[in-house]
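The block underneath contains the structure these notes are about, expressed in structure tokens.
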Amino acid sequence: MINYRTYSYEENEHLFGPGKRLLLFTQGCSLRCKGCVNQHLWEFGVGKNISTAELVKLCMDTDGVTLHGGEPLDQAEGLYGFVKTLKANGKTVVLFTGYLYKELNSIQRKIWNLSDIVVSGRYIEDKRNIYLQFRGSTNQRVYVHKGKYSNYKIKDGKTVAILRLSEDGVMQSRGFRTDEFEQLLKEIIKTNEEH
């Protein structure tokens, strides 16, 4: 079983990887980087559980999965079977992890090695740069492995933020938010509170 917070289908290459992807936010993170935008995903065991079989079904009409967090590799035992099954079905894997390869145990390394694209390194607030593809700080690295994306080129120099408002009024923001975007969010929230 994998403990997760939420998932969605995304087609935003700059943030989540090429093609139509299942974006899975795992729940729980032992790294807890200062300034992390996903602090609500740090606590372990408070998410929902999903089986490998259920996740594989969710990915069948996609190019693959993007594993985000929290820290996906903190759940390596549960994720390994899922990633292995996806790869056997011709799907791709994009892995976001705060870990460096040298810090990984054997099962975490298997997931890393099966992934098509790995975004690695802790977020460092003092090195924040919102104009990097996939990364939030300049110390983070992108590794493109052999396979479907072996010729993939990183496209730095722009930023992307996605704002969604559900029918029941819940606002969700993903991506790299500029100061102007943050100001817009504050104005929206203030206006909403006044009504």
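The values are calculated or read from the model by the stated rules, or taken from the named source; none is laboratory data. Every value quoted in this text rests on a predicted model; they were computed, and no experiment measured them. All Cβ positions, even for glycine, are placed from backbone atoms using ideal geometry, and neighbour counts span all protein chains on display.
Can you go through 90, 147 and tell me which one is in the same structural domain as residue 14 (by TED's automatic domain parsing), outside any helix (DSSP H, G or I) and at pLDDT 95 or above? Steps first, answer last, please.
Details: 147 fails: at pLDDT 95 or above.
Testing whether each residue is in the same structural domain as residue 14 (by TED's automatic domain parsing), outside any helix (DSSP H, G or I) and at pLDDT 95 or above leaves just 90.
Give the residue, chosen from 126, 179, 116, that is among the acidic types (Asp, Glu) and at pLDDT below 90. Before the answer, list the steps.
Working: 126 fails: at pLDDT below 90; 116 fails: at pLDDT below 90.
Answer to the check: 179.
Do you know which of the residues in the stretch 42-53 that are surrounded by fewer than 13 Cβ atoms within 10 Å (Cβ to Cβ) and farther than 30 Å from residue 126 by Cβ is modelled with the lowest pLDDT?
My answer is 45.
Restricting attention to the stretch 7-59, report how many residues are among the aliphatic types (A, V, I, L, M) and free of Cβ contacts under 8 Å to residues at least 12 places away in the same chain. It would help to see each step written out before you state the result.
Residues of the stretch 7-59 among the aliphatic types (A, V, I, L, M): 15, 22-24, 31, 37, 41, 46, 50, 53, 55-56, 58.
Subset that is free of Cβ contacts under 8 Å to residues at least 12 places away in the same chain: 53.
Within the stretch 7-59, residues that are among the aliphatic types (A, V, I, L, M) and free of Cβ contacts under 8 Å to residues at least 12 places away in the same chain number 1.
Can you tell me which residue within the stretch 107-144, out of those that are touching a residue at least 40 places away in the same chain (Cβ under 8 Å) and of a type in the set (Lys, Arg), is farthest from residue 89 (Cα to Cα)?
128
If a residue has to be small (Gly, Ala, Ser) and over 16 Å from the mean Cα position of the chain (by Cα) to count, how many in the stretch 62-114 make the cut? Outline the logic, then answer.
So in the stretch 62-114, the residues small (Gly, Ala, Ser) come out as 64, 69-70, 76, 78, 81, 88, 90, 98, 106.
If we keep only those that are over 16 Å from the mean Cα position of the chain (by Cα) too, we end up with 78, 81, 88, 90, 106.
Going through the stretch 62-114 one residue at a time, the tally reaches 5.
Taking into account only those residues within the stretch 61-120 that are aromatic (Phe, Trp, Tyr) and closer than 22 Å to residue 20 by Cα, which is surrounded by the fewest Cβ atoms within 10 Å (Cβ to Cβ)? Steps first, please.
Just the residues of the stretch 61-120 that are aromatic (Phe, Trp, Tyr), to begin with: 80, 82, 96, 99, 101, 112.
Applying the additional criterion that residues be closer than 22 Å to residue 20 by Cα yields 80, 82, 96, 112.
On the way: 80: 17, 82: 24, 96: 27, 112: 21.
Applying the filter and picking the extreme gives 80.
What number of residues within the stretch 25-41 satisfy the criterion of being at pLDDT 95 or above and surrounded by 18 or more Cβ atoms within 10 Å (Cβ to Cβ)?
So the count comes out to 4.
Using the structure shown, decide if residue 35 is of a type outside the set (Phe, Trp, Tyr), under 24 Å from residue 104 (Cβ atoms) and either out of contact with any Pro (no Cβ under 8 Å at 6 or more places or on another chain) or assigned to a loop (DSSP other than H, G, I, E, B) (or both).
Values: of a type outside the set (Phe, Trp, Tyr): yes; under 24 Å from residue 104 (Cβ atoms): yes; either out of contact with any Pro (no Cβ under 8 Å at 6 or more places or on another chain) or assigned to a loop (DSSP other than H, G, I, E, B) (or both): yes.
When the stated conditions are applied, residue 35 passes them.
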